[in-house]
Structures are given as C-alpha cells and as structure tokens.
Amino acid sequence: MSYSDTVLDHFEHPRNVGDLPNADAEARIEHPVCGDIMTLAVKLSDGKVAEVRYRVRGCVASIAAGSCLTELVLGKSVPEATALKREQLLDALGGLPNASVHATHLALDTLAAVLDKLK
C-alpha cells in the first residue's frame, strides 16, 4: 500500500493531537467496519473554530485524516466546516488507496457529530 507524502507527513507529525479542556463540543465515533475510533473536540470563538484537537486509535490513514481535518476546519465557521466534503479531505491528503478511504468517512462522520452538538 502506497501513501502520499502528505499522508505520511500527517501520520509521522500529526497536528492538533490531544485533549481540549473546556471544549464547546466533543464527539467520539467508531467506524463500524474497521474498528478505528476518532474523538474530535472543538472550541469556538466569534462563531469560528478557534481550537480543535483529535485522538485516533487506528490505522495510518485514520491518523492522517484526523490531523488533516483539524487543519482544514481551524478558523472556519460552523456552516463552513459543515460544508466540508470528503473529496476536499481526500484532495488535501493527496489521495488515499481504495482500502484506506474509510478513514475520510470516519473523520467527516466525527466532524458532523461534533458540529451537530454546536447547533
């Protein structure tokens, strides 16, 4: 299985990993097929994502997808973050092998769950 340089960079140097004390919302999702688990927490300021943290128990692609997702949503309003599409995350990662695309579903499902708590 071959990963893009971007995926490997996010895997080897994940961004925004950890807990977020006093988060405005937090969600945890387990992918029903592969068993990977992602937790995502956000803190808003002036209606925009001011801080975001994630944790993943899973594969290379899930770790990279979570890291990349946090960079994509940082600074966005809730409607802008809600509008993020799977293809945008895939593009930002430089693509994923077919067997690893589930990671983008996990990341976006977790994002949707956390954003839903902010409505």
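The values are calculated or read from the model by the stated rules, or taken from the named source; none is laboratory data. Bear in mind that the values here come from a model prediction, so they are computed numbers and not experimental data. Cβ placement follows ideal geometry from the backbone for every residue including glycine, while neighbour counts extend to all protein chains displayed.
What number of residues in segment 49-99 are buried (at least 16 other Cβ atoms within 10 Å of the Cβ) and either under 16 Å from residue 19 (Cα atoms) or in contact (Cβ under 8 Å) with a residue 40 or more places away in the chain (or both)?
26
Can you pull out the residues in segment 1-48 that are in contact (Cβ under 8 Å) with a residue 60 or more places away in the chain, part of a loop (DSSP other than H, G, I, E, B) and closer than 19 Å to residue 80 by Cα?
Result: 24, single match.
Output the number of residues of segment 12-30 satisfying the condition of being in contact with a helix residue (DSSP H, G or I) (Cβ under 6 Å, 6 or more places away or on another chain) and surrounded by 18 or more Cβ atoms within 10 Å (Cβ to Cβ). Talk me through it step by step, then tell me what you get.
Kept after step one, since they are in contact with a helix residue (DSSP H, G or I) (Cβ under 6 Å, 6 or more places away or on another chain), are these residues of segment 12-30: 14-16, 25, 27, 29.
Okay, now just the ones that are also surrounded by 18 or more Cβ atoms within 10 Å (Cβ to Cβ), so 14, 16, 25, 27, 29.
Counting residues in segment 12-30 that are in contact with a helix residue (DSSP H, G or I) (Cβ under 6 Å, 6 or more places away or on another chain) and surrounded by 18 or more Cβ atoms within 10 Å (Cβ to Cβ) gives 5.
Would a scan of segment 60-77 turn up a residue that is under 21 Å from residue 117 (Cα atoms) and at pLDDT below 95?
Checking segment 60-77: not a single residue is under 21 Å from residue 117 (Cα atoms) and at pLDDT below 95.
Which of the residues that make up segment 32-45 are at pLDDT below 95 and over 13 Å from the mean Cα position of the chain (by Cα)? If you could, list the steps in order and put the result at the bottom.
To start, the set of residues in segment 32-45 that are at pLDDT below 95 comprises 32-36.
Hits for segment 32-45 are 32, 33, 34, 35.
For segment 1-33, enumerate the residues that are touching a Ser or Thr at 6+ places or on another chain (Cβ under 9 Å) and among the aliphatic types (A, V, I, L, M).
1, 7, 17, 27, 29
Does residue 35 qualify as being under 13 Å from residue 66 (Cβ atoms) and surrounded by fewer than 14 Cβ atoms within 10 Å (Cβ to Cβ)? Outline the logic, then answer.
Details: under 13 Å from residue 66 (Cβ atoms): no; surrounded by fewer than 14 Cβ atoms within 10 Å (Cβ to Cβ): yes.
Criteria not met by residue 35.
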